[in-house]
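Okay, structure first, notes after.
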Amino acid sequence: MAHQELEKVLIKLLRAMQDQNDYIKILQRFYSYFSALEDRINLYIGGSELSDYLQRRKSGSLVKDIHSLGGVLGEKVSLADLPLIENHLQAFGAMYVMEGSTLGGLIISQMITKQLGIQQHNGLLFFQSYGDHLTTMWETFKLALNRQVDNETDAEIVVNAANSTFRQFKFVLDQY
């Protein structure tokens, strides 16, 4: 349910875009949340838990997109605007949301191209994330996530963290 609520807010924002500046504002909101979220995740996940972890960071592509469109980075959200992340299971739950966002990215990038005429190498790196490797990256992440979960309690921690991440991101987007 938290996922669908976030999706509704995001789609509404994307459909309401009138120009490149509106798109930059959305990217800035993503950056402010994802960058701060990555800072928290970094405390509990690294290359030993997920060998391609550095490739999965999203804030770098957001920075490139914002700058390529002539925008400036906004402030990162405060710790109070993030989900609680105090262990590797909660970090994986939050990362599940970030990695899952890549699945809809191709559809979103097509929507942005059609609506605003923005092209792949000029503002769509984030939404086109892994390109042709999208499915492989998603499957690899799910395997790594499943290796972390040993029992029902672990699974519940991951799911709760994911739902909290969805809710907090919706809150951040609602501020737009």
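Restricting attention to the stretch 67-80, the residues that are modelled with pLDDT under 95 and of a type in the set (D, E, K, R) add up to 1.
The one condition from (1) in a helix (DSSP H, G or I); (2) over 30 Å from R15 (Cα atoms); (3) aliphatic (A, V, I, L, M); (4) in contact with a helix residue (DSSP H, G or I) (Cβ under 6 Å, 6 or more places away or on another chain) that A155 does not meet is (4). Checked against the criterion of being in a loop (DSSP other than H, G, I, E, B) and hydroxyl-bearing (S, T, Y), the stretch 96-104 has no qualifying residue. Is it true that M111 is touching a helix residue (DSSP H, G or I) at 6+ places or on another chain (Cβ under 8 Å) and modelled with pLDDT of 95 or more? So M111 does not fit the description; no. Residues in the stretch 11-20: is at least one surrounded by 13 or more Cβ atoms within 10 Å (Cβ to Cβ), out of contact with any helix residue (DSSP H, G or I) (no Cβ under 7 Å at 6 or more places or on another chain) and not in a loop (DSSP other than H, G, I, E, B)? Among the residues of the stretch 11-20, at least one is surrounded by 13 or more Cβ atoms within 10 Å (Cβ to Cβ), out of contact with any helix residue (DSSP H, G or I) (no Cβ under 7 Å at 6 or more places or on another chain) and not in a loop (DSSP other than H, G, I, E, B), which makes the answer yes.
The residues listed here are F126, F171; of these, the one that is under 27 Å from A80 (Cβ atoms) and assigned to a helix (DSSP H, G or I) is F171.
Looking only at residues that are closer than 8 Å to Y31 by Cα and not β-branched (V, I, T) in the stretch 59-76, which one is surrounded by the most Cβ atoms within 10 Å (Cβ to Cβ)? Only one residue tops the list, namely L62.
Can you tell me which residues in the stretch 141-152 are assigned to a helix (DSSP H, G or I) and out of contact with any helix residue (DSSP H, G or I) (no Cβ under 6 Å at 6 or more places or on another chain)?
At the first step, the residues of the stretch 141-152 found to be assigned to a helix (DSSP H, G or I) are 141-148, 152.
Answer for the stretch 141-152, where residues must be assigned to a helix (DSSP H, G or I) and out of contact with any helix residue (DSSP H, G or I) (no Cβ under 6 Å at 6 or more places or on another chain): K142, L143, A144, N146, R147, E152.
Is there a residue being in a loop (DSSP other than H, G, I, E, B), at pLDDT 95 or above, out of contact with any strand residue (DSSP E or B) (no Cβ under 7 Å at 6 or more places or on another chain) and more than 20 Å from F166 (Cβ to Cβ) anywhere in the stretch 32-54? Checked the stretch 32-54: at least one residue is in a loop (DSSP other than H, G, I, E, B), at pLDDT 95 or above, out of contact with any strand residue (DSSP E or B) (no Cβ under 7 Å at 6 or more places or on another chain) and more than 20 Å from F166 (Cβ to Cβ).
Pairing each residue of the stretch 153-176 that is acidic (D, E) with any residue that is assigned to a helix (DSSP H, G or I) and surrounded by 22 or more Cβ atoms within 10 Å (Cβ to Cβ), provided the two are 6+ apart or on different chains, yields C-beta distances under 7 Å for D154/L89.
Among the residues in the stretch 93-101, are any among the charged types (D, E, K, R) and surrounded by fewer than 17 Cβ atoms within 10 Å (Cβ to Cβ)? No, every residue in the stretch 93-101 fails to be among the charged types (D, E, K, R) and surrounded by fewer than 17 Cβ atoms within 10 Å (Cβ to Cβ).
The values are calculated or read from the model by the stated rules, or taken from the named source; none is laboratory data. Worth saying up front: this structure is predicted, and the values here are computed from it rather than measured. With ideal geometry, Cβ positions are generated from the backbone for all residues, glycine too; neighbour counts draw on all protein chains shown.
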